[in-house]
Amino acid sequence: MTKSLLIDTSKCMACRGCQVACKQWNQLPAEQTTFTGSYENPPGFTPKTWMKVTFREAEVDGDVAWYFGNLRCMHCSDAACVLVCPAGAISHSDTGSVVIDPEKCIGCNYCVANCTFNVMGFDRQDGVAMKCTLCEDRTSNGLEPACATACPTGAIRYGDRVDLMRDAQQRVRELQAAGNPRARTYGQTELNGTGVMFVLENTPEHYGLVADPYVPLSARAWNVVFKPVRVLAVLGVAFGLWKNWSSTKDIKEGKGT
Amino acid sequence: MTNHWIDYQHSDVIMAIGGNTAENHPISMKWIEKARENKGAKLLTVDPRYCRTAAVSDAYVPIRPGTNIAYLGGLIRYIVYNNLFHREYVENFTNLSFLVNEDFDFDATDGVFSGIEDDPARSAKKYDRSSWQYQTDEDGNILRDPTLWDSNCVFQLLRKHYEQYTISNVSKITGADEDALEESYKLFASTGQPGKAGNILYAMGITQFTHGAQNTRSIAMVQLLLGNMGIAGGGVNAQRGQSNVQGATDMAMLYHIIPGYMRAPQQGQHATLEDYNRVETPPTGWWAHKPKYLVSQLKAFYGQNATRANEFGYQWLPKLDGVDRSHIAAYRNMRDGEIEGMVCVADNPIVAGSSARAKRDYQKNLKWLVSLDVVENETASFWKAPGMNPEEIDTEVFILPAAFSYEREGTKANSGRWIQWTWKAQEAPGDAKWDMWIVNEMFKRLRRLYENEGGVVPEPITLMNWDYDGPGGEPDLDKVCRELNGYRVRDGALLTNFVGLQDDGSTACGNWLYGGYYNNPDDPACKRRIREKEGIGLHPEWSFAWPLNRRIVYNRCSCDTQGRPWNPDAPVIWWSEEEERWVGNDVPDIPGTWSFEQSTDNPFIMLPEGRGRLFAANIGYPFVEVGDAPMPTHYEPADSPVSNLLYPNATFNPISQRFYADHTVETDEERQRYPYIMTTYRVTEHYQSGSITRNMPWLNELMPELFVEIDQDLAGQLGISNGDEVIVESKRLLNNGVQEGITAKASVTRRLRPMMINGEKKHIVGMPFHWGFMGLGKGDIANDLSPSVGDANTTIPEYKAFLCNIRKRG
């Protein structure tokens, strides 16, 4: 992995410029939402929502704290989605980000179901999985991801992973020196390194992150067992989906049985 | 702002009080982060709610809404009694040693100063301020006591006035914990050391009170005591909520001033131009130049028609008749049928105004209403509001679709007084026109009507110097800019700056403060975008800052009495022995003709006495004075849950006008009926009345509905869970014959906590006011609940502290 995103939550004030910039650049329509008691919205990840700012209240040493996180595809090195995809549609790019090839995606939904962070959306209409692309279309043209460009405080930065790792450790040392022993990094080693790294001021749960993420044995086993018969399986699944699609179409067109 | 956004990077301690900077001015955090990175700056938030700014702060002090003066008065006491003020600064640059008239007095039982008298016309009190004066010798020189021992010197008056503002008393009033108070005072007072910079930033959480001007005064006094005025990283920094609020104020969008912060002419007092100049012009201080600015403005207004013989058209300026013409009063006049029609320009008072439910009824009395806005807002559509019967409403409504600011070019003045030109990004859709076009057409047609049909007083319209037409039927902005910049009447030559303005009719200038912003039409300062290569982040070639491109006002005070910068790492200006003048990174805030001694003795050049005012003396020139207290005094909000702890007979600001009888909570029975303290506010995702942002699906997705924040303790008591629908009600709805309150979703949060106010447990609740009944995102109007009482000087309504009741719906 050569390129990464570093999210310094100690500099985030949850203006959510990133969340809107993501929708704007990727042309994602708005969700119909309701107010459920928290500022956080929308509730989950869908094909229309690839990232969001999390708002978590907590009591720390008798004082209230409000933690702002930043959830989206973590671009894991050990990516469950890559392992379980039967169609080989999900892979790591040259820079290390996890990309879905919509042409190859067969809409089986396994990646979404197996995602360690539950941050993928599934488009039932088109039958494809969708998620944060780390703005591959921007970075390959010399731009930063839309979220990083929008961020007013430098809480979201994109760059060479080694530089960002060094900055993250330095920042943690500063925060600890300023009196917060809980300050830590996240994503440097988790899942063998995630393309989205964090500086956190408390445990990962305060940011909607998984404390000790791992790829379940089932996903690994699935990958090992499945790989030899992948081609057959792809054909099988594709056939199944075609059957399903044509019968749905028949129903829609009134040709149903 | 006395300083500007980028200058925050030089602060050592930043206090956000009554301003939710992270939430409502997110870009400010860029510079606050920079100050943290560069010099380990601390951010202190003082706010009733644990808001997004509190979440990113180093220290947080919750205070009950409406008790800012208690908090800041406590800080003043802490500074004064612990000798933490910046001694050389305060002694030399403020009126600390000045002697005040012996008749001046304060009644601690009633909480009022000497000179209080009834003002039946306003159903309030007013002051005869003759005792609020300095002692002078026979020649008129102000008497001083450099030892500060004289019991009538400002220092001793301060000590006496703030003696009661102990941490214990402040804690009882504000509900803040004593330790948290002391820690915050200690932190901010640390900036009183020479070379340290303390920055106080605020917004509507300071101004929107019946004592709003006094809140702001308190901030100014703290900054004077600590030597934080005029320095890099310091200042009294009002953060504006809209890109051009500063510009709107500069251009006199308020009824009490004319452009350039000159007092609007009053009947009687200002009968002639000579009277105006005599009453309004102090003999010393920069305002001594006022007649030049006024006459040049009249020349800009009336052109050739303004002559010495006709007082340069002074009589064509409208004169105030002593009747309040503010927002609250205008709607009261509407209720009484005294206003026939209203032109509402980019304003939405039916959502953003106080007691909005009542306002919808008052608007029915209009014969016609013109709304100039980007969208069809609630004010234009008041007749469609829930509970309205359109059949009974005869108001004829005209909606003029306007271009958005990105669909037109022109300048905006930001909070730091930077007048920045912005260019058109795209064409306006459909029939939408830019406001300049609409106003130009409106004026020309009005003038034609007056010319053809006459009128009672046609001259102000028919003789107005109005020639802004450009090619193709579009107005020519260049002509407007030239007029604002100022020009020589003889040949139209643009003036370098306002120093060249004259009072003999030889110069014209629409607004003296804008003098110089457009003096070179080929490359006007307001269009420049050059980043500074070296300096302290003032970027003097990036746009133009009024006055005279000065980025930090009162900057003489950034140096000691020898002219050396207090902080050599961020020098603003300094005295050059070689050149025998002030030089530096900024434009010195000192007239070029002054000697070094003059500049040291009169660093606050706008004031007649040349010194920062720790005591707001009345020295006879009305514009620069406040009407309600020479030293800020704790008053409760109009809707208050408790009596005044410090002054037994005082309630809310006695000078604040009582517009409506029986409008606010007065009896114990009412306090029981409306037991919770409401504060209204804004969120990042929506903008003001929401008329624009509630039509943007992406923003509605983030903040879809009106909500009310309730602490867990209260929610438990009332059986309310997160996301429940609740009813919120206040006395205003009841008074208007509406029994049912407004509906909102509950946000049960630990970010609010019950407070102990003088031994009694009280609950604070909060509500954003962005919703209305038009647009894509709809919701009830929070301002249906807020009271129509206002600040004693400005009449801005008390949106930030009033009482309400909450119950679960159903």
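Enumerate the pairs (first residue in the range A:44-65 and within 11 Å of chain B (Cβ to nearest Cβ) and under 16 Å from residue B:698 (Cβ atoms); second residue anywhere and of a type in the set (A, V, I, L, M, F, W, C) and assigned to a strand (DSSP E or B)) with beta-carbon separation below 7 Å, excluding pairs fewer than 6 apart on the same chain, so at least 6 apart or on different chains.
A:52/A:71; A:53/A:68
Check whether at least one residue in the range B:133-151 is of a type in the set (A, V, I, L, M), within 18 Å of residue B:647 (Cβ to Cβ) and at pLDDT 95 or above, and report yes or no. So that I can check it myself, show each step before the final result.
Just the residues of the range B:133-151 that are of a type in the set (A, V, I, L, M), to begin with: B:142-143, B:148.
Filter once more, so that each one left must be within 18 Å of residue B:647 (Cβ to Cβ): none.
So far as the range B:133-151 goes, no, none of its residues is of a type in the set (A, V, I, L, M), within 18 Å of residue B:647 (Cβ to Cβ) and at pLDDT 95 or above.
Which of the residues spanning the range A:131-149 are assigned to a loop (DSSP other than H, G, I, E, B), of a type outside the set (A, V, I, L, M, F, W, C) and open to solvent by 40 Å² or more (accessible area, probe 1.4 Å)? Walk me through how you get there before you give the answer.
Looking only at the range A:131-149, we keep the residues that are assigned to a loop (DSSP other than H, G, I, E, B), and these are A:131-135, A:140-145.
Restricting the remaining residues to those that are of a type outside the set (A, V, I, L, M, F, W, C) gives A:131, A:133, A:140-142, A:144-145.
Result: A:133, A:140, A:141, A:142, A:144.
When the residues of the range B:394-413 are filtered to those that are part of a strand (DSSP E or B) and not hydrophobic (A, V, I, L, M, F, W, C), which remaining residue is most open to solvent (accessible area, probe 1.4 Å)? Even if it seems obvious, please write down each step before you answer.
Pass one, the range B:394-413, residues part of a strand (DSSP E or B): B:396-402, B:410-413.
Filter once more, keeping what is not hydrophobic (A, V, I, L, M, F, W, C): B:396, B:401, B:410-412.
Numbers: B:396: 105, B:401: 57, B:410: 5, B:411: 43, B:412: 39 Å².
The qualifying residue most open to solvent (accessible area, probe 1.4 Å) is B:396.
How do the pairs read when you match residues in the range B:226-250 that are on the phi > 0 side of the Ramachandran plot with residues anywhere that are of a type in the set (A, V, I, L, M) and part of a helix (DSSP H, G or I), using Cβ under 8 Å and keeping only pairs 6 or more apart or on different chains?
B:227/B:90; B:233/B:35
Condition (residue is within 14 Å of chain A (Cβ to nearest Cβ), touching a helix residue (DSSP H, G or I) at 6+ places or on another chain (Cβ under 6 Å) and either assigned to a loop (DSSP other than H, G, I, E, B) or open to solvent by 10 Å² or more (accessible area, probe 1.4 Å) (or both)) applied to the range B:667-684: is it met by at least one residue?
yes
Which of the residues spanning the range A:29-64 are crowded, with 16+ Cβ neighbours inside 10 Å and touching a helix residue (DSSP H, G or I) at 6+ places or on another chain (Cβ under 7 Å)?
Scanning the range A:29-64 gives A:30, A:31, A:33, A:41, A:42, A:50, A:51, A:52, A:53, A:54, A:56.
Anything in the range A:173-209 that is crowded, with 16+ Cβ neighbours inside 10 Å, among the aliphatic types (A, V, I, L, M) and part of a loop (DSSP other than H, G, I, E, B)? List them, or say none.
A:183, A:209
So which residues in the range A:49-76 are in contact with a Lys or Arg (Cβ under 8 Å, 6 or more places away or on another chain) and assigned to a loop (DSSP other than H, G, I, E, B), if there are any at all?
A:50, A:73, listed by residue number.
Give the number of residues within the range B:414-436 that are in contact with a strand residue (DSSP E or B) (Cβ under 6 Å, 6 or more places away or on another chain) and either open to solvent by 50 Å² or more (accessible area, probe 1.4 Å) or part of a loop (DSSP other than H, G, I, E, B) (or both).
Here the count works out to 4.
Within the range B:258-268, work out how many residues are open to solvent by 10 Å² or more (accessible area, probe 1.4 Å) and either touching a strand residue (DSSP E or B) at 6+ places or on another chain (Cβ under 9 Å) or touching a residue at least 60 places away in the same chain (Cβ under 8 Å) (or both).
Step one: filter the range B:258-268 for residues open to solvent by 10 Å² or more (accessible area, probe 1.4 Å), giving B:258-259, B:261, B:263, B:266-268.
Right, trim to either touching a strand residue (DSSP E or B) at 6+ places or on another chain (Cβ under 9 Å) or touching a residue at least 60 places away in the same chain (Cβ under 8 Å) (or both) and you get B:259, B:261, B:263, B:266-267.
The qualifying residues number 5.
List the number of the failed condition for residue A:71; all other conditions in (1) in contact (Cβ under 8 Å) with a residue 24 or more places away in the chain; (2) open to solvent by 10 Å² or more (accessible area, probe 1.4 Å); (3) within 10 Å of another protein chain (Cβ to nearest Cβ) hold.
The number of the failed condition is (3).
Has the range B:713-732 got at least one residue that is open to solvent by less than 50 Å² (accessible area, probe 1.4 Å), under 22 Å from residue B:52 (Cα atoms) and either among the small types (Gly, Ala, Ser) or within 10 Å of chain A (Cβ to nearest Cβ) (or both)?
yes
Within the range B:586-616, can you find the residues that are surrounded by fewer than 17 Cβ atoms within 10 Å (Cβ to Cβ) and in a loop (DSSP other than H, G, I, E, B)?
From the range B:586-616, those surrounded by fewer than 17 Cβ atoms within 10 Å (Cβ to Cβ) are B:591-593, B:595-598, B:601, B:606; that's our starting set.
Result: B:591, B:592, B:593, B:595, B:606.
In the set B:451, B:391, B:376, which member is outside any loop (DSSP other than H, G, I, E, B), of a type outside the set (Gly, Ala, Ser) and out of contact with any helix residue (DSSP H, G or I) (no Cβ under 9 Å at 6 or more places or on another chain)? Show your work before the answer.
Details: B:451 fails: out of contact with any helix residue (DSSP H, G or I) (no Cβ under 9 Å at 6 or more places or on another chain); B:376 fails: outside any loop (DSSP other than H, G, I, E, B).
Just a single option satisfies the conditions, and that option is B:391.
Take the conditions within 9 Å of another protein chain (Cβ to nearest Cβ), over 16 Å from the mean Cα position of the chain (by Cα) and open to solvent by 30 Å² or more (accessible area, probe 1.4 Å) and apply them to residue A:10. Does it pass? Can you show your working first?
Values: within 9 Å of another protein chain (Cβ to nearest Cβ): yes; over 16 Å from the mean Cα position of the chain (by Cα): yes; open to solvent by 30 Å² or more (accessible area, probe 1.4 Å): no.
Here the answer is no, as residue A:10 does not meet what is asked.
Which one is farthest from the other protein chains (Cβ to nearest Cβ), of the residues in the range B:16-71 that are in a helix (DSSP H, G or I) and basic (Lys, Arg)? Break it down stepwise before answering.
Taking the range B:16-71 and keeping what is in a helix (DSSP H, G or I), we get B:21-24, B:28-39, B:52-55, B:68-71.
Next cut, basic (Lys, Arg) only: B:30, B:34, B:36, B:39, B:52.
Values: B:30: 5, B:34: 9, B:36: 9, B:39: 13, B:52: 5 Å.
Looking at the filtered set, the residue picked out is B:39.
Of all residues in the range A:13-28, count the ones that are facing chain B (nearest Cβ under 9 Å), surrounded by 20 or more Cβ atoms within 10 Å (Cβ to Cβ) and not aliphatic (A, V, I, L, M).
Number satisfying all stated conditions: 5.
Give the residue, chosen from A:119, A:84, A:99, that is open to solvent by 30 Å² or more (accessible area, probe 1.4 Å), out of contact with any Pro (no Cβ under 7 Å at 6 or more places or on another chain) and either more than 14 Å from chain B (Cβ to nearest Cβ) or over 28 Å from residue A:182 (Cα atoms) (or both). Working first, answer last.
Details: A:119 fails: open to solvent by 30 Å² or more (accessible area, probe 1.4 Å); A:84 fails: open to solvent by 30 Å² or more (accessible area, probe 1.4 Å).
Going through A:119, A:84, A:99 in turn, just one is open to solvent by 30 Å² or more (accessible area, probe 1.4 Å), out of contact with any Pro (no Cβ under 7 Å at 6 or more places or on another chain) and either more than 14 Å from chain B (Cβ to nearest Cβ) or over 28 Å from residue A:182 (Cα atoms) (or both): A:99.
Here's the yes/no breakdown for (1) open to solvent by 10 Å² or more (accessible area, probe 1.4 Å); (2) touching a Lys or Arg at 6+ places or on another chain (Cβ under 6 Å):
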site	(1), (2)
B:524	no, no
B:528	yes, no
B:545	no, yes
B:555	no, no
B:558	no, no
B:562	yes, no
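Applying the selection to the range B:535-580, what residues are polar (S, T, N, Q) and over 30 Å from the mean Cα position of the chain (by Cα)? Steps first, please.
Step one: of the range B:535-580, the residues polar (S, T, N, Q) are B:543, B:549, B:555, B:558, B:561-562, B:567, B:576.
Residues satisfying the conditions are B:561, B:562, B:576.
So which residues in the range B:111-123 are on the phi < 0 side of the Ramachandran plot, small (Gly, Ala, Ser) and buried (at least 19 other Cβ atoms within 10 Å of the Cβ)?
Keep residues of the range B:111-123 that are on the phi < 0 side of the Ramachandran plot, which gives B:112-114, B:116-122.
Narrowing the set further to residues that are small (Gly, Ala, Ser) leaves B:114, B:121.
Selection gives nothing.
Restricting to the range B:81-96, what's the tally of residues that are surrounded by fewer than 21 Cβ atoms within 10 Å (Cβ to Cβ) and touching a helix residue (DSSP H, G or I) at 6+ places or on another chain (Cβ under 8 Å)?
We begin by selecting, within the range B:81-96, every residue surrounded by fewer than 21 Cβ atoms within 10 Å (Cβ to Cβ); these are B:81-84, B:87-88, B:91-92.
Now restrict to residues that are touching a helix residue (DSSP H, G or I) at 6+ places or on another chain (Cβ under 8 Å): B:81-82, B:84, B:92.
Qualifying residue count, the range B:81-96: 4.
Looking at (1) touching a residue at least 60 places away in the same chain (Cβ under 8 Å); (2) of a type in the set (Ser, Thr, Tyr); (3) under 15 Å from residue B:158 (Cα atoms), which one does residue B:109 not meet, given that it meets all the others?
Unmet for residue B:109, out of (1) touching a residue at least 60 places away in the same chain (Cβ under 8 Å); (2) of a type in the set (Ser, Thr, Tyr); (3) under 15 Å from residue B:158 (Cα atoms): (3).
For the range B:333-360, how many residues meet the condition of being surrounded by fewer than 19 Cβ atoms within 10 Å (Cβ to Cβ) and part of a helix (DSSP H, G or I)?
2
Inside the range B:94-117, can you point out the residues that are of a type in the set (Ser, Thr, Tyr) and over 19 Å from residue B:221 (Cβ atoms)?
Step one: of the range B:94-117, the residues of a type in the set (Ser, Thr, Tyr) are B:94, B:97, B:109, B:114.
B:109, B:114 - these are the residues of the range B:94-117 that are of a type in the set (Ser, Thr, Tyr) and over 19 Å from residue B:221 (Cβ atoms).
The values are calculated or read from the model by the stated rules, or taken from the named source; none is laboratory data. What you are looking at is a predicted structure, and each value in this text was computed from that prediction instead of being measured. All Cβ positions, even for glycine, are placed from backbone atoms using ideal geometry, and neighbour counts span all protein chains on display. Protein only, heavy atoms only, side chains kept; ligands, DNA and RNA dropped before computing areas. Shrake-Rupley method; radii C 1.70, N 1.55, O 1.52, S 1.80 Å.
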